[in-house]
Amino acid sequence: MIIDMQQLLTRYPSGRVALGGVNLSVSQGEFLFLIGESGAGKSTLLAMLYGALAPASGSLQVFGIDMNAAPARKISALRRRCGIIFQDHRLLFRRTVFENIALPLRVQGYPEDRMVARVGKVLEFVGLEDAIWSYPDTLSGGEQQRVAIARAMAPQPQLILADEPTGNLDRETADQVLHYLIQLQQHGSTVIIATHDLQLLEQYPARVVELHAGVVVNDSADEASHGH
Amino acid sequence: MAIDAPRRIRLPGGWSLPPLGRAQLLSMLVVAIALWAAGALWIGLQSAIHWAGTLQPTIHFYLPQSHAKQRQPLINALKKIPQIDTIHQVSQQETRHWLHSWLGNNSKQNNHLINQLPITLQTEIHGSDPFLLDDIKDTAQRFHASINPDELRLLTARKHLTQIRNLLIGCALLLMVGLALIITNTLELSLLAREDELELMRLMGAHEWFIRLPFILEGMLIGSGAGIVALLLQLPLIWALQAIGITTDGFSTLIFPLLVGGIIMGTIGAILAQPRRT
């Protein structure tokens, strides 16, 4: 298990419960869709996985790190093993595509002389090798999201956390983005996608966890085990 | 696929300085002018102290003949004042010679006057001390001696100059705080412009020192740059003082405070401007 949470509870700053007693375990190499309506707690759950939010009660372990008591040093170490993809992709528009993708590599002390080759390789993977010296605002929305995927995968993370990665994309581009994420899983990464785009689920048979008002109401893994 | 590396100047270890733009240059200039003003005041004051020192190396004590017995105790008391180098009693022969040259050769009248003249002790003073003037006055008063009033006024001027210098040191410390705040403000603008990038870096697992170091380096760069500019701007002032015959060692004493002070201010400014954790 790379993720294990028991009775995980957290609140919004307003005091309202964001997650109310979530039990969930994720194994290495799994592909998981996290679905639910807006405000169900999908983004909150992802944010807790990379240490942006601390649990109010219950237990959460990610890569064996107890997130209830993890110091900043351990949170940084954990984040280095994660690739995060945001709905608004959070690209730096005053930096080139190269600079954007190289950012996590620089943070991790990747050798400077191998940087260009590595960035070129991940851009090739998402089909944007010609855009390496372009600025993000010269790219389409779908291309920008592919750059964000390339940035997340550049340091070869064990865990990919994608928060509504296809939220602003047309059907065809969304399918393409999903295709890249599936390929990342096939290369050994664990992928968790928070989405309310139910059509994505039809594209790829994967584990689906449904949240409603901060509680897991359906987990396809449980259904499968009960079926067996 | 052959790809050229981007032409960016980077620091070792993957760091890059925040982009140095107009705000940073303006901040450096403001800090440099403030440092220059402080330095110029310091040089002016050092020159004034030097000038007062060269004009007033001696103090004369006059002991009336009626208290001639106090001569040796007065000399002993003066010897205890550390700033008094030498004590020399002006001889009657010397006084006679001076009186002759002043009043002419009426020896009968002169002899009468010489016998009335007080015993004169000439002392050489070195250095400055805030209590020197009071020590001299107290000692003279204790043994019923008097002091040359012009020399006393110069000594008073020297005391005031020393007080102004101490005040200036206090002002310089306040100025340093102000200049550090100017640098802080500039760096905060820089931080604001890079807020998204810094937040991303944290989300990617960057350590705090990895995020902070470029800003600390930038602060040090602004501070040291301002120090160098301020130091160079002192040169015309030194030349102007030399041209009117005033020598000063103020420049050499400014090199260390301006350069190191600039770096310290820049570093403090950068630390105060550290990005908030997200």
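Each value in this text was obtained by applying a stated rule to the coordinates, not by laboratory testing. Source: prediction; values computed, not measured. Don't worry about glycine lacking a Cβ; one is built from the backbone with ideal geometry, like all the others, and counts go over all protein chains shown.
Below are the figures for this structure:
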{"item": "Exposed chymotrypsin sites (Phe, Trp or Tyr not before Pro) absent - longest run of chain B, DSSP non-H/G/I/E/B, at most 15 other C-beta within 10 Å", "result": "B:132-278"}
{"item": "Alpha carbon centroid spacing (whole Å) that separates segment B:189-206 from segment A:1-62", "result": "25 Å"}
{"item": "Between helix B:22-55 and chain B: long-axis angle, C-alpha atoms, 0 to 90°, nearest 10", "result": "10 degrees"}
{"item": "C-alpha long axis of helix B:149-193 to longest principal axis of chain B, angle in °", "result": "0 degrees"}
{"item": "Relative contact order for segment B:57-155, counting Cα pairs under 8 Å that sit 6 or more residues apart, in percent", "result": "51 percent"}
{"item": "Over segment B:57-155: Rg over Rh, Cα atoms, Kirkwood Rh", "result": "1.01"}
{"item": "Ranked packing of A:81-93, A:148-160, A:111-123, most packed first, by mean Cβ within 10 Å", "result": "A:148-160, A:81-93, A:111-123"}
{"item": "Shielding score for A:104-114, defined as the mean number of other chain Cβ atoms within 10 Å", "result": "4"}
{"item": "Computed over segment A:1-109: relative contact order in percent, which uses C-alpha pairs under 8 Å that are six or more apart", "result": "25 percent"}
{"item": "Share, in percent, of DSSP beta bridges within chain A that are antiparallel, nearest 5", "result": "50 percent"}
{"item": "Antiparallel DSSP beta bridges within the protein assembly as shown, percent to nearest 5", "result": "60 percent"}
{"item": "Loop sites in segment B:58-103: trypsin sites (Lys or Arg not before Pro), DSSP, at most 11 other Cβ within 10 Å", "result": "B:80"}
{"item": "Phi to ³J(HN,Hα) by Karplus 6.51 cos²θ - 1.76 cosθ + 1.60 over segment B:134-145, Hz, x for Gly, Pro", "result": "5, 4, 5, 4, 4, 5, 4, 5, 4, 10, 6, 9"}
{"item": "Ranking of B:142, A:95, A:146 by count of other Cβ atoms within 10 Å, fewest first", "result": "B:142, A:95, A:146"}
{"item": "Kyte-Doolittle mean at least 1.6, axial Cα span of 30 Å or more - DSSP H helices of chain A", "result": "none"}
{"item": "Total charge dipole magnitude, segment A:75-228, about the Cα centre, Cβ charges on Lys, Arg, Asp, Glu only, Debye to nearest 20", "result": "820 debye"}
{"item": "Label-point separation, residue B:142 to residue B:208 (7 Å along Cα→Cβ), nm", "result": "5.8 nm"}
{"item": "Average Cα contact separation per residue, chain A, under 8 Å, 6 or more apart, as relative contact order %", "result": "29 percent"}
{"item": "Shielding by other protein chains, A:90-99, mean Cβ within 10 Å", "result": "3"}
